[in-house]
Amino acid sequence: MLSAKRGMILVVMVVLFGFVLLGCEPGGSGSTDSEDFPGDSNEDSNDEADCADGPLSEPIAGCAPGPVPDSGNFKADCVARINQFRWDCQCLPPLDRWTGGETCADEHAEYDSTNGVHAGFRDDICAPRGWAQNECPGWGSEAGIVDGCLQMMWDEGPGDDFNEHGHYINMSSTNYTKVACGVYRTGSGEVWSVQNFE
């Protein structure tokens with residue numbers, strides 16, 4: 001009985017010593033004051049910025065973080081992906097999900113599917129519409145928009161010429177605090193999405 005207690009005490013001491021050596025975290029990083037954006041996977045990536053000194057004046061060249069996990073909610077995933085680019089690629093604060101603008105964003109996506117890109121925004125068909133809009137017209141899937149279209153838009157930066165860099169400018173602007181993602185699937189299966197910024 002006495003040797004069993006000694007053995008148990010020894011096991012507890014070894015486990016405690018291991019936690020001290022490893023910094024009390026899985027993987028042994030030892031850091032508890034992470035600068036990672038909430039929801040990040042904490043995986044090492046050459047694409048992620050060191051954000052300790054605040055926002056970067058320009059995005060990391062070629063920044064292409066892995067896709068955000070699919071939550072089953074396109075609008076939430078769209079906002080999460082935009083925020084992933086903002087944080088991982090340029091250390092910019094996140095935008096809020098603008099649920100109050102999502103109905104109008106959905107209406108824009110549907111209207112544009114028959115009237116052309118940005119037609120609903122230009123024609124002011126609903127409110128609140130926000131102050132700026134990006135659009136992914138006629139994609140094959142919601143996942144393709146989140147993973148591909150938003151990456152293509154981010155890749156337009158950096159630059160100040162809105163005609164060449166407008167999508168990136170909208171995504172990286174510190175003048176906006178929220179974004180509403182809208183989506184519409186046509187009868188033929190094309191997926192249209194707009195992102196309205198305010």
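Simple rule: put +1 on each Lys or Arg Cβ and -1 on each Asp or Glu Cβ in the stretch 129-190, find the dipole, and look at 139, 150, 181; the Cα lying farthest toward the positive end is 181. Extension gain, residue 73 to residue 114: 0.36 nm times the residue separation minus the Cα-Cα distance gives 12.3 nm. Note down the net charge around residue 77, summing +1 for each Lys or Arg and -1 for each Asp or Glu among other residues with Cβ under 9 Å from its Cβ. Charge balance in the 9 Å sphere: 0. Given axes a ≥ b ≥ c from the Cα gyration tensor, I'd like to know whether the stretch 80-194 is rounded (a/c under 1.5), prolate (a/b larger than b/c) or oblate. Prolate is the answer for the stretch 80-194, as a/c is 1.5 or above and a/b outweighs b/c. Relative to the Cα centre, the charge distribution of the stretch 56-198, modelled as +1 at Lys and Arg Cβ and -1 at Asp and Glu Cβ, gives a dipole magnitude of about 320 debye.
Using a simple spin-label model with pseudo-atoms 7 Å out from Cα toward Cβ, residue 56 and residue 125 lie 3.8 nm apart.
In this rough spin-label picture, where each label sits 7 Å from Cα along the Cβ direction, the residue 162-residue 147 distance is 3.3 nm. Distance between Cα centroids, the stretch 147-166 to the stretch 104-124: provide it in whole Å. Here the answer is 20 Å between Cα centres. Of the residues 124, 70, the one with the largest accessible area comes first in the ranking 70, 124, computed with a 1.4 Å probe on protein heavy atoms.
Length gained on full extension, residue 96 to residue 175, computed as 0.36 nm times the residue gap minus the Cα-Cα distance: 27.2 nm.
The values are calculated or read from the model by the stated rules, or taken from the named source; none is laboratory data. Source: prediction; values computed, not measured. With ideal geometry, Cβ positions are generated from the backbone for all residues, glycine too; neighbour counts draw on all protein chains shown. Note: accessible area is taken over every heavy atom of the protein model, side chains too, but ligands, DNA and RNA are not part of it. Shrake-Rupley method; radii C 1.70, N 1.55, O 1.52, S 1.80 Å.
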